[in-house]
Every structure is written in C-alpha cells, then in structure tokens.
Amino acid sequence: MKPIELSNTEYSSFNATYINALEDISLMEGLEKGLHQMVSFISIIPFEKLEYRYAKNKWTIKDILLHLIDAERIFAYRALRIGREDKTPLAGFEENDYVPNAMANSRTVESLIEEFQFVRNSTLCLFKNFSDEQLAYLGTSSDNTISVRAIGFLISGHQNHHLRIIKERYL
C-alpha cells in the first residue's frame, strides 16, 4: 500500500498535508526508511546546533526529536485502538504542552536517538502484524475519521515535515 492508494475519506484535511507530501513508497518501507534516515541525520548534526532556537519560543532540534517520539507513541496508540476495533473516539493532544514538560534539552542526543529507535521499532512491529483488513479499519481521532494505514503514513509524513523544518531553519 502506498499513500496515493488511500482514499481521502481515510484522513482529515489537516493530516493530508503530511500524507500527500510523502514519496511513492509503501507503508512499511516509509517507516523503515524513516528510522534509518532520522538516526543518520541527527547523528551528524553539530552538538552546538542541537539546542539552537531560530527564534524566541521555538523548539530546539532536541525538542523536535522528542516531539516526534511523543507524537509517534500517541499515533501508534491510536492505530492500536482502531486496529482492535475500539470504536471509542480518541482525543487530540496539545503538542505545545508536551514539549516544555519533556525536558529534551536536559538529555543527551544519544539517549534521544536510542528512544527514537525503540519507539520506531515498536511501531514497525505493530504495523507488521496488522492484517490488510485491520489496516483499513476506520476510527475517530481528534474529531476526524482516520484509518489505521493512514496513521502509519501520518507517522512518516510527520517525521518528513520536521526534517524539512530542521534543514530549512536550523542548519
């Protein structure tokens, strides 16, 4: 399955920004490629750039990395719930409340990379074990309909979005 094969009824217009920007790659390839891409990319960023803010109240690269970790955990939880046919509407989350409480800048980049790897490997295991039928299940998240497979593509697209921001504004 590739992002182009998703129906636009499987995700919201907000999520379309992330999903439609993905290259022509399968769900699992995108998640696997994203793991290696992120680890390689973050590993070569100069130490002094990791806590740089391009403007007041903007996140650092460490903040962004931990935001990606937190968001992926939340997205994977949503995929799990929907993939198990839990029909309970799932609430959104306020990312700007998470970042200051995560204290990413008090951590080493190595610990953040390690955590990213663990979370992504867990996400990969979850998605590898969904059947095609489960991947197509629909649920409600943040007051919008979303499929399990759209959540997988959202994880990849969200990561790509933040990688572009880092390249454009931080380096």
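Working note: Cα atoms of segment 29-116, range along each principal axis, descending, whole Å: 46, 31, 19.
Using the Cβ-Cβ distance between C125 and A55 with R0 = 35 Å, the FRET efficiency computed as 1/(1 + (r/R0)^6) comes to roughly 0.40. For S26, the amide hydrogen comes within under 5 Å of no other amide hydrogen, counting only partners 5 or more places away or on other chains and with H modelled in the peptide plane. Shape class for segment 1-68, computed from the alpha carbon gyration tensor (a ≥ b ≥ c): oblate, with a/c not under 1.5 and a/b at or below b/c.
Extension gain, L171-V39: 0.36 nm per intervening residue step, less the Cα-Cα distance, totals 45.9 nm. If the chain linking D24 and L80 were pulled fully straight, counting 0.36 nm for each residue of separation and taking away their Cα-Cα distance, it would gain 17.7 nm. Against the chain, whose longest principal axis is taken from its Cα atoms, helix 148-169 shows a tilt of about 20°.
Taking a ≥ b ≥ c as the square roots of the eigenvalues of the Cα gyration tensor, the chain is classed as prolate, since a/c reaches at least 1.5 and a/b is larger than b/c.
Scanning the chain for GluC sites (Glu not before Pro) lying in DSSP loops with no more than 10 further Cβ atoms inside 10 Å, the longest uninterrupted stretch between such sites is 1-84.
Considering only M28, M38, M103, the Gaussian network model of the chain with Cα springs below 10 Å gives its largest mean-square fluctuation to M103.
If the segment from E48 to N101 were pulled out straight at 0.36 nm per residue, it would be longer than the present Cα-Cα gap by 16.9 nm. Separation of segment 24-65 from segment 106-171 is 13 Å, based on Cα centroids.
Under unit Cβ charges (Lys, Arg +1; Asp, Glu -1), what dipole magnitude, rounded to 20 debye, does the chain have relative to its Cα centre? Don't jump to the answer; show the numbers that get you there.
On the way: 19 positive and 23 negative charges, 70 e Å.
My answer is approximately 340 debye.
Note on S111 and R164: the model spin-label points, each 7 Å out from Cα along the C-beta direction, lie 3.2 nm apart. Of L80, L154, the residue with the largest accessible area leads and the full order is L80, L154 (1.4 Å probe).
Classified by the C-alpha gyration tensor, segment 76-141 has an oblate form. Its axis ratio a/c, with a ≥ b ≥ c, is 1.5 or above, and a/b does not exceed b/c.
Here is the link list: K62/K128; K62/K167; K2/K167; K33/K128; K33/K56; K2/K62. Which ones come out longer than 21 Å on Cα distance? Before the final figure, lay out the partial values.
Working: K62/K128 29 Å; K62/K167 14 Å; K2/K167 25 Å; K33/K128 14 Å; K33/K56 32 Å; K2/K62 30 Å.
Over 21 Å Cα-Cα: K62/K128; K2/K167; K33/K56; K2/K62.
The values are calculated or read from the model by the stated rules, or taken from the named source; none is laboratory data. Note that the structure is a prediction, hence the values are computed from the model and not measured. Please note: Cβ atoms are built from the backbone with ideal geometry, for glycine as well, and neighbour counts cover all protein chains shown. Only protein heavy atoms, including side chains, enter the accessible area calculation; ligands, DNA and RNA are left aside. Shrake-Rupley method; radii C 1.70, N 1.55, O 1.52, S 1.80 Å.
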